[in-house]
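Undergrad: Here it is: the structure, laid out below.
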Amino acid sequence: MEKNERRVVITGMGIWSCLGTTLDEVKDSLYNGYSGIIFAPERKEMGFESGLTAYVKQPELKGLVDRAHRVFMPEEAQYAYMATVDAMKMAKLDAEYMEKHDVGLLYGNDSSADAVVKSVDTMRNKKSTHLVGSGAIFQSMNSTVTMNLGCLFKLRGINMTISAACASGSHAIGLGSLLIKWGLQDCIVCGGAQEVNPFSIGSFDGIGAFSKRENEPAKASRPFDAQRDGLVPGGGAATVIIESYESAMRRGAPIIAEVMGYGFSANGDHISSPNVDGPRKSLLMALDQSGVSKDMIGYINAHATSTHVGDTNEAKAIYSVFGNNMPPVTSTKGQTGHEMWMAGASEVIYSILMMKNNFIAANLNYEYGDEDTGKLNIPSYRLDNHPFDLFLSNSFGFGGTNSTLVIKDWKE
């Protein structure tokens with residue numbers, strides 16, 4: 001088989017989310033329309049315009065990671081560790097296998113603000129760099145997640161952080177799929193992580209990006225809805241194990257789904273305002289690379305973050321590709337808020353969980369669309385007994401980076 005013909009399959013998933021910390025918990029939250037969004041009064045005390053955030057449980061790493069290594073792990077690396085442990089267990093990747101084979105690591109992350117702020121505060125207040133601590137440099141680098149996971153799991157393949165704003169997690173899976181398709185790696189740990197502390201998103205709040213519906217947190221994130229007034233920040237981590245079909249069969253690993261296509265583009269335009277052409281190119285490229293026709297797509301997991309311009313332009317891009325032959329389109333961000341660097345990976349997992357269980361979660365808080373979003377097929381209620389075996393997932397980010405994945409169910 002030629003290198004460019006290698007099939008790329010998903011053999012493991014793990015997640016640490018505001019919807020739950022196991023796949024079963026997350027599936028139930030999606031099914032029941034649970035919102036992980038809360039009001040955090042301490043953010044108002046810090047001067048935030050919006051005190052809304054997703055609530056993500058803090059992991060307990062004592063007994064799992066040596067104290068000597070925990071000092072190197074900021075919040076997002078802790079989430080990623082927990083998600084990766086579960087994903088590796090599902091994929092039957094054990095220490096013995098990773099000792100003998102070059103397993104790669106591509107993980108999306110684009111900030112480590114909390115560690116930087118604490119280090120700077122110590123230097124300013126104590127007038128000493130020595131008091132910052134030995135772990136500070138490893139916590140504060142953008143590559144902190146891959147540095148930590150690579151050492152903890154002794155991964156010896158490619159090791160790289162994908163820093164592409166809110167498309168980071170999606171690009172990690174997409175780029176990993178290309179390396180496997182081309183025969184450069186057999187197995188890669190992919191994913192995305194996002195810190196949830198207020199320092200990481202204070203600047204977003206400062207430009208008025210967040211919803212102000214503080215009196216009804218569960219209704220604040222309203223993707224595609226005509227009355228949307230901004231996003232809600234969230235986070236956590238999601239890990240997806242991808243490998244060649246041959247590798248999965250040799251290992252006797254469970255095959256969950258197949259990565260059929262990866263599309264990418266850049267808007268080459270405004271740094272924060274998205275356009276239509278860039279996302280449209282990403283959609284078309286993913287469909288072309290997948291080798292499937294657009295009428296075979298059974299579900300679209302949209303990027304839609306609940307902002308006016310972003311949701312409108314994505315709706316235009318989707319409609320320009322699918323027209324009136326429109327599959328159901330939802331954004332799970334109505335339940336999770338915007339998980340930012342994590343979102344591209346977590347939304348693949350959310351979509352797979354729905355696909356495997358024959359339902360599509362409601363686009364939470366969608367009441368009616370506007371001139372553009374109203375053209376999409378957006379269910380405001382859960383679609384039960386609704387099987388589909390192909391979905392498309394969009395992720396777009398500041399700077400105009402776009403990523404689209406096409407994923408197919410795996411059935412024996």
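Values quoted throughout were computed directly from the atomic coordinates according to the rules given, and no laboratory measurement underlies them. Everything numeric here is computed off the predicted structure, so don't read it as measured data. Heads up, the Cβs are rebuilt from the backbone with ideal geometry, glycines too, and the neighbour counts pull from every protein chain shown.
Undergrad: Give me the lysines in straight-line cross-link reach of Lys154: C-alpha distance below 19 Å, same-chain residues under 8 apart excluded.
TA: Excluding near neighbours in sequence, the set is Lys89, Lys92, Lys100.
Undergrad: Out of every Cα pair in the range 263-412, what percent are spaced more than 25 Å from each other? Walk me through the numbers on the way to the answer.
TA: On the way: 2185 of 11175 pairs.
Counting every Cα pair in the range 263-412, those more than 25 Å apart make up 20 percent.
Undergrad: Can you give the local net charge around Thr161? Use residues other than it whose beta-carbon is closer than 15 angstrom to its beta-carbon, Lys and Arg +1, Asp and Glu -1. Spell out each step's value before the answer.
TA: Working: positive: none; negative: Glu76, Asp110, Glu195.
Every neighbour counted, the sum reads -3.
Undergrad: Can you report the principal axis dimensions of the range 292-345 using only the alpha carbons, biggest first, rounded to whole angstrom?
TA: 29, 23, 17
Undergrad: Using only the Cα atoms, work out Rg/Rh for the range 47-182, with Rh taken as the Kirkwood radius, to two decimals.
TA: 1.01
Undergrad: With the radius of gyration and the Kirkwood radius both derived from the Cα set of the range 340-412, what is their ratio Rg to Rh?
TA: A ratio of 0.99.
Undergrad: Rounded to whole Å and sorted largest first, list the principal axis extents of the Cα atoms in the range 8-251.
TA: Largest first, the range 8-251 extends 54, 51, 33 Å along its Cα principal axes.
Undergrad: Using every alpha carbon pair in the range 14-86, what percent of pairs falls into each 10 Å bin from 0 up to the bin containing the largest distance?
TA: Pair shares across the bins are 18, 36, 32, 13, 0.
Undergrad: Most mobile of Thr330, Thr305, Thr122 per a Gaussian network model of the chain (Cα springs, under 10 Å)?
TA: Per the Cα network of the chain with a 10 Å cutoff, Thr122 tops the list.
Undergrad: Counting only pairs 8 or more residues apart or on different chains, how many lysine pairs in the range 259-409 have their Cα atoms under 18 Å apart?
TA: 7
Undergrad: As an exercise, take the mean of 1/r over every pair of distinct alpha carbons in the range 142-212, invert it, and state the Kirkwood radius in angstroms.
TA: Numbers: mean 1/r = 0.0711 Å⁻¹.
In the range 142-212 this quantity evaluates to 14.1 Å.
Undergrad: Compute the distribution of all C-alpha to C-alpha distances in the chain, in bins of 20 Å from 0, and list the percent of pairs in each, rounded to whole numbers.
TA: Calculated over all Cα pairs of the chain, the distribution is 29, 59, 11, 0 percent.
Undergrad: What whole-number value in cubic angstrom gives the convex hull volume per residue for the C-alpha atoms of the range 158-292?
TA: 166
Undergrad: What number, rounded to the nearest 500 deg cm²/dmol, is the helix-based mean residue ellipticity at 222 nm of the chain, given -39500 (n - 2.57) per DSSP H run of at least four residues and division by all its residues?
TA: Here the helix-only value at 222 nm equals -10000 deg cm²/dmol.
Undergrad: Hey, how many Å between the Cα centroid of the range 179-221 and the Cα centroid of the range 132-168?
TA: Cα centroid of the range 179-221 versus Cα centroid of the range 132-168: 16 Å apart.
Undergrad: Shifting gears a bit: Please report how far the C-alpha centroid of the range 60-99 lies from that of the range 229-258, rounded to the nearest whole angstrom.
TA: Their Cα centres are 16 Å away from one another.
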